[in-house]
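S.K.: Below you'll find the structure I mean.
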Amino acid sequence: MGSLALSQLTLSHFRSHKRAVIDCDARPVAIYGPNGAGKTNILEAISLLSPGRGLRRSSAEDMTRRPEALGWKVTGLLKSLHQTYEVEIWSEAGAARQTRIDGKATPQTALGRIARILWLIPAMDRLWIEGAEGRRRFLDRMTLSFLPEHAEHSLTYEKAMRERNRLLKDMVREPSWYAALEMRMAEAGSAIHTGRLHALSAIAEAQRQAETAFPTATLSLQCDMPPDPQSLRDALADNRTRDLAAGRTLIGPHRADLYGVYRAKDVPAKDCSTGEQKALLVSLILANARALAADFGAPPILLLDEVAAHLDVNRQAALYDEICALGAQAWMTGTGPEMFTALQGRAQVLEVIEEGGVSQVRTGNAA
């Protein structure tokens, strides 16, 4: 089994961090400090080293340090399997984010070929009770972790659907205007659907093979759409009258939902307690990580923001044990070092403090 870990992370004018350089090894990283000190900002910076908009889904402009607004830069030395890459992500004064790997400009999607990064943040605690859009994002992040090309399929589908929806809102009825768009949507949509099913299968297998202190979730994809491209293309054509009335596309993978059940109790995840919902999420992230370790050849980097919230002491200890057994570099945040006592010297510790309105990162005592 190979390894995937950051050996150095540098932040420049990123959020609350004017400049921070973090040197580390492949062990878990425990980050503590008061609320507002900038702990989550470190995790967000790491999340930018993977395809997508990062764990907060923020714009490049929103991530720049105020009041200077000079732009920002995140640099990571990433040890992936048996190679080391220098990854640079930056934005100049509100401009679009740019990516460079080993000094060469590259599309953001290329990050998926060298790294796998998963995260769990407090905003995801409402996953089972919020709208379907959040669950689709969660599912697509899982799918992207296995299939980097999932990002391209999603972009292709969304672009074609936006153009089709524009025609629908303008009440365009001429079939020839729709044919090429619907073909692109059908091909990309079918690939999206197939990729999601692949991810769910991999997660289910990882849950079956593991003994864990966390509850198992049974996941299913609820999507009323034909799975193959030709059938989906025909369905889109047949549905134009309804879509014209609605002013938008009513069938396709953008209408899918992820349904979860607490297996041991046979209770829908949405009806579980807050603690049970959190435990199910942790279970899924760990299952995703185990599946990726086999698929990618190394466990992913994990970003776990305030992960101990809603977990009792026994489950906190179980989580840390599973992370260490997996061999993952997990970046975890908490308000104090006592949140990580169960790691018992198995982690690196960082303390984030705020002095004079500037967040600083320093090495703390070993946990």
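S.K.: Could you pull out the residue among G195, G189 that is of a type outside the set (D, E), closer than 29 Å to I285 by Cα, touching a Pro at 6+ places or on another chain (Cβ under 6 Å) and surrounded by 15 or more Cβ atoms within 10 Å (Cβ to Cβ)?
M.R.: Exactly one of G195, G189 is of a type outside the set (D, E), closer than 29 Å to I285 by Cα, touching a Pro at 6+ places or on another chain (Cβ under 6 Å) and surrounded by 15 or more Cβ atoms within 10 Å (Cβ to Cβ), namely G189.
S.K.: Say we look at the stretch 286-305 and pick out the residues that are part of a loop (DSSP other than H, G, I, E, B) and either out of contact with any strand residue (DSSP E or B) (no Cβ under 6 Å at 6 or more places or on another chain) or under 23 Å from A204 (Cα atoms) (or both); which of these is most open to solvent (accessible area, probe 1.4 Å)?
M.R.: Looking at the filtered set, the residue picked out is G297.
S.K.: Ok, one more. What number of residues within the stretch 89-148 satisfy the criterion of being of a type in the set (D, E) and either without any contact (Cβ under 8 Å) to a residue 24 or more places away in the chain or not in a helix (DSSP H, G or I) (or both)?
M.R.: Total meeting the criteria: 4.
S.K.: OK, next. Give the residues of the stretch 6-17 that are assigned to a strand (DSSP E or B) and open to solvent by 10 Å² or more (accessible area, probe 1.4 Å), sorted by residue number.
M.R.: Once the filter is applied, which keeps residues that are assigned to a strand (DSSP E or B) and open to solvent by 10 Å² or more (accessible area, probe 1.4 Å), the stretch 6-17 yields S7, Q8, T10, S12, H13.
S.K.: Looking only at residues that are open to solvent by 50 Å² or more (accessible area, probe 1.4 Å) and in a loop (DSSP other than H, G, I, E, B) in the stretch 213-230, which one is nearest to A325 (Cα to Cα)?
M.R.: A213
Conditions (1) crowded, with 24+ Cβ neighbours inside 10 Å; (2) within 23 Å of E86 (Cα to Cα); (3) out of contact with any helix residue (DSSP H, G or I) (no Cβ under 7 Å at 6 or more places or on another chain); (4) without any contact (Cβ under 8 Å) to a residue 24 or more places away in the chain, marked per residue:
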| residue | (1), (2), (3), (4) |
| --- | --- |
| G36 | no, no, yes, no |
| N41 | no, yes, yes, no |
| L48 | yes, yes, yes, no |
| R53 | no, yes, yes, yes |
| P67 | no, no, yes, yes |
| L70 | no, yes, yes, no |
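S.K.: Does the stretch 244-265 contain at least one residue that is open to solvent by less than 20 Å² (accessible area, probe 1.4 Å), more than 30 Å from A180 (Cβ to Cβ) and touching a Phe, Trp or Tyr at 6+ places or on another chain (Cβ under 7 Å)?
M.R.: yes
S.K.: Another question, then. Inside the stretch 268-285, can you point out the residues that are among the small types (G, A, S) and either assigned to a helix (DSSP H, G or I) or open to solvent by less than 20 Å² (accessible area, probe 1.4 Å) (or both)?
M.R.: Listed by number, the residues that qualify are A269, G275, A279, S283.
S.K.: Could you figure out which of (1) under 21 Å from the mean Cα position of the chain (by Cα); (2) farther than 20 Å from L6 by Cα; (3) not charged (D, E, K, R) isn't true of F340?
M.R.: Going through the list (1) under 21 Å from the mean Cα position of the chain (by Cα); (2) farther than 20 Å from L6 by Cα; (3) not charged (D, E, K, R), F340 breaks only (1).
S.K.: Among the residues of the stretch 70-88, what is the count of those that are touching a strand residue (DSSP E or B) at 6+ places or on another chain (Cβ under 6 Å) and part of a loop (DSSP other than H, G, I, E, B)?
M.R.: The total comes to 2.
S.K.: Could you tell me which residue of the stretch 79-100 is most open to solvent (accessible area, probe 1.4 Å), considering only residues that are within 16 Å of G2 (Cβ to Cβ) and in contact with a Leu (Cβ under 6 Å, 6 or more places away or on another chain)?
M.R.: Ranking the qualifying residues of the stretch 79-100, first place goes to Y85.
S.K.: Still on this model: Would you be able to tell me the number of residues in the stretch 306-347 that are outside any loop (DSSP other than H, G, I, E, B) and open to solvent by less than 10 Å² (accessible area, probe 1.4 Å)?
M.R.: Number of matching residues: 10.
S.K.: Limited to the stretch 18-40, what total is found for residues that are in a strand (DSSP E or B) and in contact with a Ser or Thr (Cβ under 6 Å, 6 or more places away or on another chain)?
M.R.: The total comes to 3.
S.K.: Within the bounds of the stretch 267-280, is there any residue that is over 29 Å from A37 (Cα atoms) and hydroxyl-bearing (S, T, Y)?
M.R.: yes
S.K.: Next up: So, in the stretch 124-166, how many residues would count as being under 15 Å from V282 (Cβ atoms) and among the aliphatic types (A, V, I, L, M)?
M.R.: Here the count works out to 3.
The values are calculated or read from the model by the stated rules, or taken from the named source; none is laboratory data. Fair warning: this is a prediction, and the values are worked out from it, not measured in the lab. Heads up, the Cβs are rebuilt from the backbone with ideal geometry, glycines too, and the neighbour counts pull from every protein chain shown. Surface accessibility is based on the protein's heavy atoms, side chains included, excluding ligands, DNA and RNA. Shrake-Rupley method; radii C 1.70, N 1.55, O 1.52, S 1.80 Å.
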